Every structure is written in structure tokens, then in C-alpha cells.
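Following: one structure in C-alpha cells, then a few remarks.
Readers should treat all values here as calculations from the given coordinates under stated rules, not as data from a laboratory. All of these numbers come straight from a predicted model, not from anything done at the bench. Note that we place each Cβ from the backbone using ideal geometry, even for glycine, and neighbour counts take in every protein chain shown.
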Amino acid sequence: MTEYFKGVSQIKYEGKDSDNPLAYKYYNPDEIINGKRMEDHLRFAVAYWHTFQGVGLDPFGVGTAERPWDSISDPMELARVKMEAAFEFFGKLGAPFFCFHDRDIAPEGNSLKETNKNLDEIVKLAKELMKGSKTKLLWGTANLFGNKRFVHGASTSPNADVFAYSAAQVKKAMEVTLELGGQNYVFWGGREGYETLLNTDMKLETDNLARFLKMAVDYAKEIGFKGQFLIEPKPKEPTKHQYDFDTQTVIGFLKTHGLDPYFKMNIEANHATLAAHTFQHEVRVARENGFFGSIDANQGDMLLGWDTDQFPTNIYDTALCMYEVIKAGGFTTGGLNFDSKVRRGSFEPIDLFYAHVAGMDTFAKGLKIADKMIKDGKLDKFIAERYSSYTAGIGKDIVGGKVGFKELEKYAMEHDQIKNNSGRQEMLEAILNKYILES
Ligand code: XLS
Ligand code: CA
Ligand code: CA
């Protein structure tokens, strides 16, 4: 078989003293952290779209990426070569999972029928390659935003033909996800949102979105797809206002439409930033409400207001993310998918390896820090003490539903000289720094 990434051999764990950029310093798949292998804690996935479809274009200039498949022009030949190269990449990296959109792996034809035929052919190849590989499919999804037919949305388009087309496309994407053993299926609301309410029937659009998801739930049952359905919140981009704004909004939407038993969240770090939340906030909201599913691992730029999808290299964020993941009981079907792209200036194939190694090490280190934070228990203890007024006396009665406004008024009359305690934020931040520096 052709070797596409020449000069890169299997990436190994060399430990923290290594200065080899093509070796893991912290990611040691077999190392046991709290009774579980690191690989099983982190469940890393490579995102097909950025890594094999990304060309490094921006609104001001053409693609800069140099890739081993650049000389191929036939779309189907290109799709086959990329799939082979992808499995070489997964193998060399030791990535246990990958994720894709239908249109990442196979080109559209002149009709939906031809498009499905193209997809079938590449799925067949992927299935063959998976037999000789340890890499599994974390999730599949449908691209309902790239083609111009989705200009006004997919299931929220004002055009019923687009709704029908989107349904046909998701039906097929679910079938191929099942065929490849996908453990989840993701719904990211591509262009499900609006630009102006002057031309938008918001009620019909959001009801249609719910109808669409209900059809997907029904069809999953029909074909025996047992994977987890995930919704990926994002507040803006491409539309000005996306319906799946953030985790709390999506939970409310699912509950309104009786869809909450069938969906969990796929939280993306950069989307949290766009919603003016921290990454940790979004994961916390998901876990505390029973919607923790999977994570799109990346990071945004605090100085930019758009979705930069950078590789995650911020230890604070990965530590606090893994803190939430461990507290959620760890991943079940989900994992950490690198929905991240190399910068336009990092255009060589080797940069794809450097980037993934950097992201994987940052999360591995984050896992170790989080494990220490939890085992040491200082933060948990502080929080427990901070809320201890609810474990006895009037607080216990409030939590236990034993008192109402009248009883509380009587209590407040007798206890109106209130004494608060310090939140000790800086002291706690120094403790977090100590975990980071010493783990
Ligand atoms: C775009 C989204 C997208 C989803 C999958 O912003 O992150 O890539 O993860 O459709
Ligand atoms: Ca994403
Ligand atoms: Ca993104």
C-alpha cells in the first residue's frame, strides 16, 4: 500500500523529558489513572473534515495546505486516496476513533441517487480499512450546510423540499454510521437559525426542527441504530442566531418537545466561548442535568469573536474539562474529538501530526491534573463547607421543602444580622495552579 505520510513512523510515548515533537510526553495509552487506562478515559478521535478536507483557505486568500493527495483531480479517486491516507494517519497517531460528515468522505454527484452511490462506495472502502485497523467510528453526521440548497437552513428552511432532502440525507448518514459501527450520531444545527425575524416564522421553524429530530429517533429504532444521539450547541455562525444556542437552551428545547430522553450533548469548547461561557460551564450544565455525552476538543481565541477551531493547548481548560468528565463518571459512548484545524500558516503535512500530538498531550496532562484535584479533595471540601448552611437548621428545611415565605419571614426577623464568608477565589486559583504545576 502507498505510504502517504513518509518520514513519520508510529508515534510513541517517550515521557515528559523527551523533546521529540513526534512523541507523546504525557499521553501514555496504557497508563492507569484511577483504575482505568488513559486511552479509555480520553477516547481521542480525529475529525475527518479538518484533517483531510481542510485546505487552509480564509475569506482573504486561497488554501495554503500542501497535502500528499494534491495532484489528484478526479473526485472519487481523491476520496479513495484520502480514506487510505486517513487510516495511515490514525494508525501512526494511535487514534482510537475518528468522526466524519457524509460529504467529507465522498463527493456529491449530479443527483441524490448518485451522491448516495458515491457514499456507498467509500463506506465500503472505509469498512475494509477498519478491519485492519484499531480505529473505530466515534460518530457520524450529515453536512446540511455546505451546499447552496441549505442557504435558508435544512429542517428549518422555509422550503419544504429542503426539509425533505435533509431528511433523506440524514436517513442515509444514519445508515452508514450504523454500517461502520458508529457509537453516536451528531446533530449540529448547521444553518438552523436565522438572520432576521422580519422574514422568519420562528415558531414553525423550531417546531419543524423538533419534527425532524423525532423522525430521526423513529428511524433509529426502525433500523436498530443503538448509538447515542448527540446535539452540538453553538450560538452563532453561520447564522446570526443559531437555535441550538447553548446547552441550557438545547435542554429547554428538548424538554419542550418531549425529546429529552433521546439526546445528550456534544459540547465544543470554541462554541462555549462564542456563547460567552467557559468550556467548563457548558460541560457542567450538561453533566448536572444528565445530558453529558461527548466533547469536540478545540479552543477559540479570546481576542477573536469567531469559530477559530484551534488545537487545544491550554492546560487550564483541559484540566477543568477533564475534572467535569471524571465527575460525570467518564465517557461512555462519547470521547474527545479534535474538531480542530491547523493554522493557515502551518501548511505542511507534518503539522497535522504536531497538532494532534500537542492536543492529545494537553488533554492527557489535563486528565492527570483533574484526577489529582478530585483525589486531593481540597476544592470539593471547600465547596461543601461553603454550602454547609443548607445541611442543618433553616437551610435543611429550605432544601427539604419544609418551609415557605411565612416561615422564612419569621426566621429572618429573628436572624437579620447576617454574616457572610469569603469566596476565597484567589486562594483557590493558587491551589489550582499548584495542581497544574505539580501533577
Ligand atoms: C461547526 C461544527 C461542526 C460539527 C459537526 O462549527 O463544529 O463541525 O461538529 O457538524
Ligand atoms: Ca464541532
Ligand atoms: Ca467550531
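Which condition from (1) away from ligand 1 (no atom under 16 Å from the Cβ); (2) among the small types (G, A, S); (3) surrounded by 15 or more Cβ atoms within 10 Å (Cβ to Cβ) is the one that G400 breaks?
Answer for G400: the failing condition is (3).
Within the range 290-299, which residues are surrounded by 16 or more Cβ atoms within 10 Å (Cβ to Cβ) and over 21 Å from L42 (Cβ atoms)? Walk me through how you get there before you give the answer.
Here is the first cut: in the range 290-299, the residues surrounded by 16 or more Cβ atoms within 10 Å (Cβ to Cβ) are 291-299.
Residues satisfying the conditions do not exist here.
Name the residue that is nearest to ligand 2 (Cβ to nearest atom), counting only residues in the range 240-262 that are among the polar types (S, T, N, Q) and surrounded by fewer than 20 Cβ atoms within 10 Å (Cβ to Cβ).
First, the residues of the range 240-262 that are among the polar types (S, T, N, Q): 242, 247-249, 256.
Then drop every residue that is not surrounded by fewer than 20 Cβ atoms within 10 Å (Cβ to Cβ), which leaves 248-249, 256.
Details: Q248: 18, T249: 17, T256: 24 Å.
The qualifying residue nearest to ligand 2 (Cβ to nearest atom) is T249.
Please determine, by comparing only the residues of the range 300-340 that are more than 13 Å from ligand 1 (Cβ to nearest atom) and hydroxyl-bearing (S, T, Y), which one is surrounded by the most Cβ atoms within 10 Å (Cβ to Cβ).
My answer is T318.
Count, please, the residues in the range 103-147 that happen to be in contact with a strand residue (DSSP E or B) (Cβ under 8 Å, 6 or more places away or on another chain), under 30 Å from A364 (Cα atoms) and not small (G, A, S).
7
Quick one: what pairs do we get from the range 373-389, first residue under 13 Å from M427 (Cβ atoms), second exposed (fewer than 11 other Cβ atoms within 10 Å of the Cβ) and of a type outside the set (D, E, K, R), C-beta under 8 Å, 6+ apart or different chains?
Qualifying pairs under 8 Å: R386/N421; R386/G423.
Which ones in the range 263-282 are among the aliphatic types (A, V, I, L, M) and within 14 Å of ligand 2 (Cβ to nearest atom)? Reasoning before the result, please.
Here is the first cut: in the range 263-282, the residues among the aliphatic types (A, V, I, L, M) are 265, 267, 269, 272, 274-276.
Hits for the range 263-282 are M265, I267, A269, A272, L274, A275.
Quick one: in the range 281-308, which of the residues that are assigned to a loop (DSSP other than H, G, I, E, B), over 19 Å from H241 (Cα atoms) and of a type outside the set (D, E) is nearest to ligand 3 (Cβ to nearest atom)?
Looking only at the range 281-308, we keep the residues that are assigned to a loop (DSSP other than H, G, I, E, B), and these are 289-291, 297-298, 300-308.
Adding the requirement that they be over 19 Å from H241 (Cα atoms) leaves 289-291, 297-298, 301-303.
Still in the running and of a type outside the set (D, E): 289-291, 297-298, 302-303.
On the way: N289: 22, G290: 24, F291: 19, A297: 11, N298: 6, M302: 15, L303: 17 Å.
Applying the filter and picking the extreme gives N298.
Starting from residues that are within 16 Å of ligand 3 (Cβ to nearest atom) and of a type in the set (A, V, I, L, M), keep the ones in the range 328-361 and report whichever is nearest to F263 (Cα to Cα).
Filtering first and then ranking leaves L336.
Across the range 31-46, which residue is farthest from the chain's Cα centre (by Cα) among those that are under 14 Å from D361 (Cα atoms) and in a loop (DSSP other than H, G, I, E, B)? It would help to see each step written out before you state the result.
Within the range 31-46, the subset under 14 Å from D361 (Cα atoms) is 31, 38-39, 41-45.
This time we only want the ones that are in a loop (DSSP other than H, G, I, E, B), so: 31, 43.
Working: E31: 24, R43: 12 Å.
Here the answer is E31.
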